[in-house]
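Inspection log for the structure reproduced underneath, given as structure tokens.
The values are calculated or read from the model by the stated rules, or taken from the named source; none is laboratory data. Note that the coordinates shown come from a computational prediction; the quantities given were computed from them, not determined experimentally. Here Cβ is always computed from backbone atoms with ideal geometry, including for glycine, and neighbour counts include all displayed protein chains. Remember, those area values only see protein heavy atoms, side chains included, never the ligands or the DNA or RNA. Shrake-Rupley method; radii C 1.70, N 1.55, O 1.52, S 1.80 Å.
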Amino acid sequence: MAAELAKYQRVLIDQDTCISCGACVAACPYQALELDENGKARLIWEMCKDDFSCVAVCPVKCIYKVSEAPAELKGKKGWYRFGKALSPEEQKAYEEWKAKFGVTAPPV
Ligand code: SF4
Ligand code: SF4
């Protein structure tokens with residue numbers, strides 16, 4: 001499971017640009033997106049499987065493949081959380097993901 005998690009790069013959401021339309025939430029086949037308490041899209045980290053349906057449907061283009069996201073957004077808080085407590089192996093995959101893609105923002 002943890003090895004599978006490490007395969008995916010996931011997506012980054014610019015919540016300041018998000019207009020809360022919900023299109024990404026509806027398009028995600030893996031229930032990996034939700035609207036947060038402010039109505040902004042948020043990623044549930046361990047659920048994403050990189051099909052990038054959400055990137056294609058966002059009308060304001062504020063969802064990025066993590067590898068293509070502007071560097072300054074990688075340090076902004078609020079755009080991802082975990083759906084459950086991670087096992088030690090999953091935690092290791094998470095740390096590797098952060099290091100590989102330069103994500104410095106903590107999960108919510
Ligand atoms: S990349 Fe795919 S699985 Fe991941 S959040 Fe977007 S639509 Fe969902
Ligand atoms: S599709 Fe884009 S604008 Fe609409 S909720 Fe998702 S991230 Fe926000």
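Please list, ordered by first then second residue, the pairs with beta carbon atoms under 9 Å, 6 or more apart or interchain, first in region 32-46 and in a strand (DSSP E or B), second polar (S, T, N, Q) and open to solvent by 20 Å² or more (accessible area, probe 1.4 Å).
Leu35/Ser20; Ala41/Gln15; Ala41/Ser20; Arg42/Gln15; Ile44/Gln31
May I ask you to list pairs of residues, at least six apart or on different chains, whose Cβ atoms are under 8 Å apart, with the first in region 3-19 being at positive phi and the second being part of a helix (DSSP H, G or I) and within 14 Å of ligand 1 (Cβ to nearest atom)?
Arg10/Trp45; Arg10/Val66; Arg10/Trp97
Look through region 1-55, keep the residues that are among the β-branched types (Val, Ile, Thr) and either out of contact with any strand residue (DSSP E or B) (no Cβ under 8 Å at 6 or more places or on another chain) or more than 19 Å from Phe101 (Cα to Cα) (or both), and return whichever of them is surrounded by the most Cβ atoms within 10 Å (Cβ to Cβ).
Ranking the candidates gives Val25 first.
Of all residues in region 49-60, which are touching a residue at least 24 places away in the same chain (Cβ under 8 Å) and not in a helix (DSSP H, G or I)?
If we filter region 49-60 for residues that are touching a residue at least 24 places away in the same chain (Cβ under 8 Å), which is where we start, we get 49-50, 52-60.
Within region 49-60, Lys49, Asp50, Phe52, Cys58, Pro59, Val60 qualify.
Answer with yes or no whether Glu72 is more than 23 Å from Gly39 (Cα to Cα) and modelled with pLDDT of 95 or more.
Criteria not met by Glu72.
Name every residue in region 3-21 that is under 18 Å from Arg81 (Cβ atoms) and more than 13 Å from ligand 1 (Cβ to nearest atom), in order of residue number. Reasoning before the result, please.
If we filter region 3-21 for residues that are under 18 Å from Arg81 (Cβ atoms), which is where we start, we get 5, 8-16, 18, 20.
Of everything in region 3-21, those that are under 18 Å from Arg81 (Cβ atoms) and more than 13 Å from ligand 1 (Cβ to nearest atom) turn out to be Asp14, Gln15, Asp16, Cys18, Ser20.
Out of everything in region 65-94 that is assigned to a helix (DSSP H, G or I) and among the basic types (Lys, Arg), what residue ends up being most open to solvent (accessible area, probe 1.4 Å)? Please lay out each step first, then the result.
Narrowing region 65-94 to residues assigned to a helix (DSSP H, G or I): 66-68, 71-75, 88-94.
Now narrow it down to the ones that are among the basic types (Lys, Arg): 74, 92.
Details: Lys74: 29, Lys92: 127 Å².
Only one residue tops the list, namely Lys92.
Could you list all residues from region 1-10 that are within 16 Å of ligand 2 (Cβ to nearest atom) and out of contact with any Asp or Glu (no Cβ under 8 Å at 6 or more places or on another chain)?
none
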